[in-house]
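Trainee: Mind looking over this structure? Questions follow.
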Amino acid sequence: MSEKKLIKWLIRWCAYPGMYLAGPADKGAPDIGNALLLVHGYFSGAEHLAESGYMSAVSEWKLFMSWLERQRPRYFREGTAWLGDVMLEEAGGDHWKAAEELKRLAEEYLRTEAPEPG
């Protein structure tokens, strides 16, 4: 996949949590916390894409977080905790369900707030 948009990558990662959100320490089970690690990895990689790659990626993430805070303020009531932890709690500790919810919200964001040109 040669996609250059962070939110589209987030959707892909959450669509296949057993592949992307599971690490060796997780024994093959997804961990929603790994989504945040992948986002930060994306930021690191974006630094090498172009001069504005990093800033573009950070801006994209901040816009998504701002939108999400308006849509789901309860995710942000606890302060700066990773919203995946709140989603995980709402999903009864099921990382698969938490990943599905994050994916669904990212898709909604792209549909409503960040439509593709043309």
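Trainee: For the chain, which whole percent of the accessible surface, found with a 1.4 angstrom probe, sits on carbon and sulfur atoms?
Mentor: About 53 percent, which is the carbon plus sulfur part of the accessible surface.
Trainee: Please give the per residue accessible area of the chain, computed with a probe of 1.4 Å over protein heavy atoms only, in Å².
Mentor: Accessible area per residue: 60 Å².
Trainee: Restricting to Cα pairs below 8 Å that are 6+ residues apart, what does the relative contact order work out to for region 10-83? Please round to a whole percent.
Mentor: It comes to 16 percent, rounded to a whole number.
Trainee: Compute, for the chain, the length of the dipole vector about the Cα centre, with Cβ point charges of +1 (Lys, Arg) and -1 (Asp, Glu) only. Units Debye, rounded to 20.
Mentor: 160 debye
Trainee: Toward the positive end of the charge dipole of the chain, about the Cα centre and with charges on Cβ (Lys, Arg +1; Asp, Glu -1), which of LEU68, LEU88, TYR42 goes farthest?
Mentor: Of the candidates, LEU68 comes out farthest on the positive side.
Trainee: Right, something else. Among the lysines, which have Cα under 16 Å from the Cα of LYS5 when same-chain residues fewer than 8 positions away are ignored?
Mentor: Within reach: LYS62, LYS103.
Trainee: Does the chain come out rounded, prolate or oblate by the C-alpha gyration tensor, with a ≥ b ≥ c the root eigenvalues, rounded set by a/c under 1.5 and, if not, prolate when a/b is larger than b/c and oblate if not?
Mentor: Taking the square roots of the gyration eigenvalues as a ≥ b ≥ c, the chain is oblate.
Trainee: Kindly provide the helix-only [θ] at 222 nm of the chain, computed as the sum of -39,500 (n - 2.57) over DSSP H runs of four or more divided by all residues, to the nearest 500 deg cm²/dmol?
Mentor: -19500 deg cm²/dmol
The values are calculated or read from the model by the stated rules, or taken from the named source; none is laboratory data. Treat the numbers as computed from the prediction; the structure is a model and nothing was measured. Cβ coordinates were reconstructed from backbone atoms using ideal geometry, including for glycine residues, and neighbour counts include every protein chain displayed. In case anyone asks, the SASA skips ligands and DNA or RNA and just uses the protein heavy atoms, side chains included. Shrake-Rupley method; radii C 1.70, N 1.55, O 1.52, S 1.80 Å.
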